[in-house]
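To start, the structure under review is shown below, and the notes come after it.
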Amino acid sequence: MADSLLFNPRTYDPAQFDPETRRLLRATVDWFEDRGKRRLIEDYRTRAWLADFLAFAAKEGLFATFLTPASAAGDKDQRWDTARIAALNEIFGFYGLDYWYAWQVTILGLGPVWQSDNTAARTRAAELLSQGEVFAFGLSEKTHGADIYSTDMLLTPDGNGGFSATGSKYYIGNGNAAGLVSVFGRRTDIEGPDGYVFFAADSRHSAYHLVKNVVDSSKYVSEFRLENYPVGPDDVLHTGRAAFDAALNTVNVGKFNLCTASIGICEHAMYEAITHAHNRILYGRPVTAFPHVRRELADAYVRLVGMKLFSDRAVDYFRSASPDDRRYLLFNPMTKMKVTTEGEKVIDLMWDVIAAKGFEKDTYFAQAAVEIRGLPKLEGTVHVNLALILKFMRNHLLNPAEFAPVPTRLDAADDTFLFEQGPARGLGSVRFHDWRPAYDAYAAVPNVARFREQADALCEFVTTAAPDEKQSRDLDLLLAVGQLFALVVHGQLILEQARLTDLDEDVLDDLFSVLVRDFSAYAIELHGKDSATEAQQNWALGAVRRPVVDEARSGRVWERVEALSGAYEMAP
């Protein structure tokens, strides 16, 4: 019997969605399965551009259906629906991050357009999507990275209400083929943030010069240069502070996609790894008979389940966001930072088991081991996102507010607020519902209760031993605190989703035994920081806990892991 918690192409039926979404998701799976594993791996190894994939997507209207908001839609099935976008992220990750990347940077390129009041640009974007075109997001620069305060893309007024744009952009996905590139720059005649401009460019224009692909990959991560590129009124998407906000709000929308891509990578790799390990005989026994192997594979499995639970629940908060409910601003960097780093741990645990097999060129695992590293580093590093979530820590832990319960959001609705987020500021004032009831509901699960002790201890730390003014400038120390806080939030949404889906409590208990160990490890890391005070050191050691051991429970979870052997293998 297939494990219902993991994506399996053999049994996949997204019946939770409307008929057209269901058809498109299944058609995408079938397209990859029909191509087969040999072609999948060969295209990855030879760095082939994704022309056949994009042709399939264009023929099916895949990007147009999923990425055209209802306000610009040409038919009833087009909408911006985070739940089905997340499902497609997982499928793309499962078959290869190159496919996901072309889709992801299209999402980023569309962000400034769908936030714009420029009717001509919106109409053009919808038409390009219907034609199967991809998009690009021209924000980063070689010298400044994503430091948008320092952009060197300069727009000089042309005297006729438009501009002439000159400058370079670097690390821009789809820059070789995008029908529309959303480009961030600044005017030469206005100083400060009022001079910012977001405008639309066409990669086929004669003033658009493609320099190179900056990575050795099928992903076309371009460097391009504009030389006196004409920018007319119909090309201007945002000006002034609104352009700055559009950049940050676009990243808010786009970085959510990293978590489900990471999940898809881990799922495919897990089928390969467990099937290999369970059928390999070493010293007269299957590799999976060794206790350390069972622990590593079981840890990988429950971590992956935790990734899925957290991400699925975060979708609900993302879709239910409003000007009065901005809780997504915490859960979003959590999906980007925490879920993707969990993905790295999942791959590493399995790689320790399969060892040299993970390097072999005929495996999906070999590319998974490489590609899983990229996701924590895209759309802001782990450190950037950890620093971001720290802004929410005190309000989240100590200052809850009343909110109506957020239901599971699988309805066929358009997520309009994502393109109406408003000014990208005021994070310290965002309020949250009380995190404790999610834990209270599972107080009888031993390791949930054990982890709750650690979460309560973190509240005590914030109240009695929080970093002082000098330490608040020590990012090294603060990041250790951020990891502890992230675990509490991670556990909260896992528990909320566990309740909504009636998760097997054996799996939940085993998962929280891992989280107890993680919290203890980060507490010890905090203890060792150079600037940690004596009070902080004492607190850190006092927060260390040992998970509750239950051999019978672990045995039942192992049976679930063992059953993944042979559950899925991609056709040759």
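The values are calculated or read from the model by the stated rules, or taken from the named source; none is laboratory data. What you are looking at is a predicted structure, and each value in this text was computed from that prediction instead of being measured. Note: ideal-geometry Cβ built from the backbone for every residue, glycine included; neighbour counts use all protein chains shown. When the accessible area is computed, the model is the full protein with side chains, heavy atoms only, and any ligands, DNA or RNA have been set aside. Shrake-Rupley method; radii C 1.70, N 1.55, O 1.52, S 1.80 Å.
Got at least one residue in the range 397-414 being farther than 30 Å from residue 17 by Cβ and surrounded by 17 or more Cβ atoms within 10 Å (Cβ to Cβ)? Yes: the range 397-414 contains one or more residues that are farther than 30 Å from residue 17 by Cβ and surrounded by 17 or more Cβ atoms within 10 Å (Cβ to Cβ). Of all positions in the range 61-76, at least one carries a residue that is aliphatic (A, V, I, L, M), open to solvent by less than 20 Å² (accessible area, probe 1.4 Å), under 29 Å from residue 368 (Cα atoms) and free of Cβ contacts under 8 Å to residues at least 40 places away in the same chain. When 125, 121, 102 are screened for being assigned to a helix (DSSP H, G or I), touching an Asp or Glu at 6+ places or on another chain (Cβ under 8 Å) and small (Gly, Ala, Ser), only 121 passes. Of the residues making up the range 208-230, those that are within 12 Å of residue 181 (Cβ to Cβ), open to solvent by less than 30 Å² (accessible area, probe 1.4 Å) and not hydroxyl-bearing (Ser, Thr, Tyr) are 224, 226.
Exactly one residue out of 40, 24, 54 is assigned to a helix (DSSP H, G or I) and under 23 Å from residue 414 (Cβ atoms): that is 24. Of the residues making up the range 141-168, those that are within 21 Å of residue 203 (Cβ to Cβ) and either modelled with pLDDT of 95 or more or among the acidic types (Asp, Glu) (or both) are 141, 152, 153, 154, 155, 163, 164, 165, 166, 167, 168.
The rows are residues; the columns are (1) in contact with a Cys (Cβ under 6 Å, 6 or more places away or on another chain); (2) of a type in the set (D, E, K, R); (3) touching a residue at least 40 places away in the same chain (Cβ under 8 Å).
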| site | (1), (2), (3) |
| --- | --- |
| 159 | no, no, no |
| 186 | no, yes, no |
| 190 | no, no, no |
| 195 | no, no, yes |
| 204 | no, yes, no |
| 211 | no, no, yes |
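Taken over the range 205-235, the criterion of being among the hydrophobic types (A, V, I, L, M, F, W, C), assigned to a loop (DSSP other than H, G, I, E, B) and under 14 Å from residue 136 (Cβ atoms) is satisfied by 214 alone. Taken as a whole, the structure leaves residue 197 outside the set of residues that are among the hydrophobic types (A, V, I, L, M, F, W, C), closer than 17 Å to residue 121 by Cβ, out of contact with any helix residue (DSSP H, G or I) (no Cβ under 6 Å at 6 or more places or on another chain) and in a strand (DSSP E or B).
Rundown of residues vs (1) farther than 22 Å from residue 501 by Cβ; (2) out of contact with any helix residue (DSSP H, G or I) (no Cβ under 6 Å at 6 or more places or on another chain); (3) of a type outside the set (Lys, Arg); (4) open to solvent by 30 Å² or more (accessible area, probe 1.4 Å), yes/no style:
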residue: 316; (1), (2), (3), (4): no, yes, yes, no
residue: 319; (1), (2), (3), (4): no, no, no, no
residue: 343; (1), (2), (3), (4): no, no, yes, no
residue: 347; (1), (2), (3), (4): yes, no, yes, no
residue: 350; (1), (2), (3), (4): yes, no, yes, no
residue: 356; (1), (2), (3), (4): yes, yes, yes, yes
residue: 369; (1), (2), (3), (4): yes, no, yes, no
residue: 373; (1), (2), (3), (4): yes, yes, no, yes
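The residue list 77, 81 contains one member that is over 18 Å from residue 30 (Cα atoms) and under 24 Å from the mean Cα position of the chain (by Cα), which is 81.
Quick grid of which residues meet (1) among the charged types (D, E, K, R); (2) over 28 Å from residue 569 (Cα atoms):
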site: 285; (1), (2): yes, no
site: 299; (1), (2): yes, no
site: 311; (1), (2): no, no
site: 330; (1), (2): no, yes
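Residues in the range 375-387 that are open to solvent by less than 40 Å² (accessible area, probe 1.4 Å) and of a type in the set (A, V, I, L, M) were compared, and the one that is farthest from residue 248 (Cα to Cα) is 375.
Restricting attention to the range 516-530, does a residue exist that is closer than 17 Å to residue 444 by Cα, touching a residue at least 12 places away in the same chain (Cβ under 8 Å) and in a helix (DSSP H, G or I)? Yes, the conditions are met somewhere in the range 516-530.
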